[in-house]
Every structure is written in C-alpha cells, then in structure tokens.
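S.K.: Dropping the structure in here first, questions after.
The values are calculated or read from the model by the stated rules, or taken from the named source; none is laboratory data. Note that the structure is predicted; figures quoted are calculated from it, not measured. We place every Cβ from the backbone using ideal geometry, glycine too, and count neighbours over all the protein chains shown.
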Amino acid sequence: MSEHAGHAAAGDGPANRPARRPEMRVRPTAPIVPTANVSGNALMLVIAIMAFLACLTFGAVSMVRATAASWQSQISREITIQIKPDDGLDMEQALKDARDIALAFSGTKDGTIVDRAATARLLEPWLGEGLDLDELPVPRLVIVTIDEQNPPDFAAMRNALSESIPEAILDDHRTWVDRLVAMAQTTALIGTGVLVLVFSAMVLTVIFATRGALSGNRHIIEVLHFVGAEAGFVASQFQKHFLKISLKGSFAGGLLAALFFLVAGFWQGRSIATPESDQATALFGTFSMGLAGYLGIVATMLVIALLTTLTARFTVMRTIYEIDLIRSDPSRTDQLPDP
C-alpha cells in the first residue's frame, strides 16, 4: 500500500468525517383562538336558535303573503249579486234577470246562480241539515266571473240592478281585498321587525362573545401585535374562527326551520278535511313555501354567517385600536373599557 493511499484511507475514517447536523423539526403552531371551547359551543347554540327564529319568521311571512295573494286573486275574479226575498218577488226569475243584466256589461265572463241545494249546504254549519229555504228569508246569490285585467263598471252595474231589481245588492269584494292587502302588509311589517330584532340580538351576542375570546387571549394578541403582527392578521384569525361557528349554527337553525315547514306541510296534506287542518288552513294558509321560500331560508342563513363574521372582525379591530391607544398614551388606560 502506498503512502498516499494510506493517508487517504486514514482521512476517510469515521473519526475524521464531519458530524451531521440534527434535523430541525418545526413545532406546529396552535391557533390564536381555541377551535373548541365552552364559549364557542354556547355561541354556536345561540346562533342556531337565532337562525331558526329568523328562518321561521321569514317562512311564515312568505307563507302568509302567498296565501293572501292567492285569496286576493280568487276574490278579485268574482263578484256576488245578493237578492233578498220579498213578498210578491219571483226569486227564480229575479236571479235570471240579475245574471243577464250583469253579463250585459263588458268585462264579465260568466254568471252562475247558486241553486237552493247549494245555498242550503252553505248554511248547514250554522242552521243544520234539512233546512227549508221557504220557511226562512234566506237571500239567494248569483256569482259572476269577471276579467281581472278589464273589469266592468261596477257603479253602472249596481245602478242597473237597483233599477230593475230593488232587492238586488252588488258586492264587488273591494272591502275584503283591501283587508287582505292590509293584512299582508301588516304581517310583512311585523315579520321585518322581528327579523331586525333577531339580527340585533345576534350582533350583540357575537360582540360579547368576541370580546370574551379577546379577554382570554389578550396577552397573546398584545405580544403578537408588539412584535409586528398587523391588526388585519389577528382579525383574520378571529374572523375564520367565528365564520366556522356561524356557518355551523346557521346551518343547524335553518335546517330545523325547513324541516318544520316540511313536517307541517306533510301533516296538513295527510289531514285534509279534518277540523284541525281546516282551522290551521283558515288561520295560516297552506304550509307550502315552494322553491323561492327555501331559497330565502338559505339566503337568511348566509346573511347570518356574514353578519357574524363582519361583527367579529369589527370587534377585533376596535379592540386592537384600543390597545394601540393605551400603548401610545398610558394615562388613558382608565378611560378605556375592558374587553
């Protein structure tokens, strides 16, 4: 073995090899805001309740407005001629004459005389079965279908009827239509007020929840902000945290509201012609919102999530602004509210 080879072999020994540097392991960083805690779960439950109430209110307003519009359309398509019985009056002939007079006006489509059997059925809930109309002075009706786009001249028709048949009274249902319109507008106004109250309560809840989370992590936020973390970065961490909470809560509340309307509609469909179903239909209409109603529930859920996120961001930015004020002027510490 040559001298150079011996030196080379000696230089390649384990003792002369450079020591390897230990691999650097990056320690995983924990989020600024804990992903799951008691306050976060409580806030999620509150948002779910608020979302349920908001979606329920929106669905109820949509349902009542749709029912009122349907009733208004049905009433607007018909007018009623009522003829009171009188001595010496040929009721059947008077009904035919009233129908002919009404159909002579432009804007009328059809006229139907409510026969004696149908009139007796209308009075059965109050007077019972087997009613003899000859024994009671029961008025008879003529239902006239009109063109909604081109209605007839009701004043002229009323004058023509009173001249030919003094016992005839024309009812164009304007009073009922005005009442339905007023009811729909009042319901929409009340529903809007309830939504505003729900959203206001939710905003206040998010503000207090955000300030509570800031109070528990204020020292971390102050250190991060002191070493150079911008306010937008800190706010984004809280924003993501509250966005996840609000999405889960609003989804749960909106889903419960949609299930409520589905179950109510299913129950109403299965119990048609029962006293309970008839009473519920008379009070609230049909529990059917259609696709537009459910899309409105989804939109309400998104609005709740967006409102919660923006509220959390604004609260964090405001708190960091207060920290900057304290740092720049320590004498104002007692004048600033605690987070």
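S.K.: So which of 145, 108, 112 is in contact with a strand residue (DSSP E or B) (Cβ under 9 Å, 6 or more places away or on another chain), within 18 Å of residue 76 (Cα to Cα), exposed (fewer than 14 other Cβ atoms within 10 Å of the Cβ) and of a type outside the set (D, E, K, R)?
M.R.: Working: 145 fails: exposed (fewer than 14 other Cβ atoms within 10 Å of the Cβ); 108 fails: exposed (fewer than 14 other Cβ atoms within 10 Å of the Cβ).
Result of the check over 145, 108, 112: 112.
S.K.: So is residue 118 modelled with pLDDT under 85 and among the aliphatic types (A, V, I, L, M) or not?
M.R.: On the way: modelled with pLDDT under 85: yes; among the aliphatic types (A, V, I, L, M): yes.
Yes: the conditions hold for residue 118.
S.K.: Also: Could you tell me whether residue 161 is closer than 14 Å to residue 102 by Cβ and either touching a residue at least 60 places away in the same chain (Cβ under 8 Å) or part of a loop (DSSP other than H, G, I, E, B) (or both)?
M.R.: Yes: the conditions hold for residue 161.
S.K.: Right, something else. All but one of (1) touching a helix residue (DSSP H, G or I) at 6+ places or on another chain (Cβ under 9 Å); (2) in contact (Cβ under 8 Å) with a residue 60 or more places away in the chain; (3) among the β-branched types (Val, Ile, Thr) hold for residue 112; which doesn't?
M.R.: In the conditions (1) touching a helix residue (DSSP H, G or I) at 6+ places or on another chain (Cβ under 9 Å); (2) in contact (Cβ under 8 Å) with a residue 60 or more places away in the chain; (3) among the β-branched types (Val, Ile, Thr), residue 112 misses (2) alone.
S.K.: Same structure again: Of the numbered conditions (1) in contact with a Pro (Cβ under 9 Å, 6 or more places away or on another chain); (2) buried (at least 16 other Cβ atoms within 10 Å of the Cβ), residue 218 fails exactly one; give the number of that condition.
M.R.: The one condition residue 218 does not meet is (2).
S.K.: Among the numbered criteria (1) at pLDDT 55 or above; (2) loosely packed, with under 15 Cβ neighbours inside 10 Å, which one does residue 12 miss?
M.R.: Only one criterion is unmet by residue 12, namely (1).
S.K.: Further question on the same structure: Name the residue, out of 190, 221, that is closer than 21 Å to residue 70 by Cβ and among the hydrophobic types (A, V, I, L, M, F, W, C).
M.R.: Numbers: 221 fails: closer than 21 Å to residue 70 by Cβ.
Result: 190 is the single residue among 190, 221 that is closer than 21 Å to residue 70 by Cβ and among the hydrophobic types (A, V, I, L, M, F, W, C).
S.K.: If I filter the range 98-105 for residues that are basic (Lys, Arg), touching a residue at least 24 places away in the same chain (Cβ under 8 Å) and surrounded by 19 or more Cβ atoms within 10 Å (Cβ to Cβ), do I get at least one hit?
M.R.: Here is the first cut: in the range 98-105, the residues basic (Lys, Arg) are 99.
When the remaining residues are screened for being touching a residue at least 24 places away in the same chain (Cβ under 8 Å), the result is 99.
Now restrict to residues that are surrounded by 19 or more Cβ atoms within 10 Å (Cβ to Cβ): 99.
The answer is yes; a qualifying residue exists.
S.K.: While we're on this one: Of all residues being out of contact with any Lys or Arg (no Cβ under 9 Å at 6 or more places or on another chain) and modelled with pLDDT under 90 in the range 81-97, which is surrounded by the most Cβ atoms within 10 Å (Cβ to Cβ)? Just the residue, please.
M.R.: Step one: of the range 81-97, the residues out of contact with any Lys or Arg (no Cβ under 9 Å at 6 or more places or on another chain) are 86-90, 93, 96-97.
In the following step, the residues that additionally are modelled with pLDDT under 90 were identified as 86-90.
Values: 86: 12, 87: 4, 88: 4, 89: 14, 90: 9.
That would be 89.
S.K.: Considering only residues that are among the acidic types (Asp, Glu) and part of a helix (DSSP H, G or I), look in the range 290-332 and name the one that is farthest from residue 225 (Cα to Cα). Spell out how you get there, then give the answer.
M.R.: To start, the set of residues in the range 290-332 that are among the acidic types (Asp, Glu) comprises 322, 324, 329.
Keeping just the survivors that are part of a helix (DSSP H, G or I) gives 322, 324.
On the way: 322: 12, 324: 9 Å.
Applying the filter and picking the extreme gives 322.
S.K.: Against the definition (of a type outside the set (Lys, Arg) and at pLDDT 80 or above), how does residue 304 come out, yes or no? Explain how you work it out, then say what you get.
M.R.: Details: of a type outside the set (Lys, Arg): yes; at pLDDT 80 or above: yes.
Here the answer is yes, as residue 304 does meet what is asked.
S.K.: Test each condition in (1) surrounded by 14 or more Cβ atoms within 10 Å (Cβ to Cβ); (2) assigned to a helix (DSSP H, G or I); (3) not assigned by TED's automatic domain parsing to the domain that holds residue 314 for residue 126 and report the one that comes out false.
M.R.: (1)
S.K.: Going by the structure shown, is residue 180 farther than 28 Å from residue 53 by Cβ and touching a helix residue (DSSP H, G or I) at 6+ places or on another chain (Cβ under 7 Å)? First the steps, then the outcome.
M.R.: Working: farther than 28 Å from residue 53 by Cβ: no; touching a helix residue (DSSP H, G or I) at 6+ places or on another chain (Cβ under 7 Å): yes.
It is false that residue 180 is farther than 28 Å from residue 53 by Cβ and touching a helix residue (DSSP H, G or I) at 6+ places or on another chain (Cβ under 7 Å).
S.K.: Going through the range 164-174 one residue at a time, which ones are part of a loop (DSSP other than H, G, I, E, B) and modelled with pLDDT under 85? Before the answer, list the steps.
M.R.: To start, the set of residues in the range 164-174 that are part of a loop (DSSP other than H, G, I, E, B) comprises 165-167, 172-173.
Hits for the range 164-174 are 172, 173.
S.K.: Oh, and also: From the list 98, 156, exactly one residue is in contact with a Phe, Trp or Tyr (Cβ under 9 Å, 6 or more places away or on another chain), of a type outside the set (Asp, Glu) and not assigned by TED's automatic domain parsing to the domain that holds residue 254. Which is it? Give the derivation first.
M.R.: Numbers: 98 fails: in contact with a Phe, Trp or Tyr (Cβ under 9 Å, 6 or more places away or on another chain).
The match here is 156.
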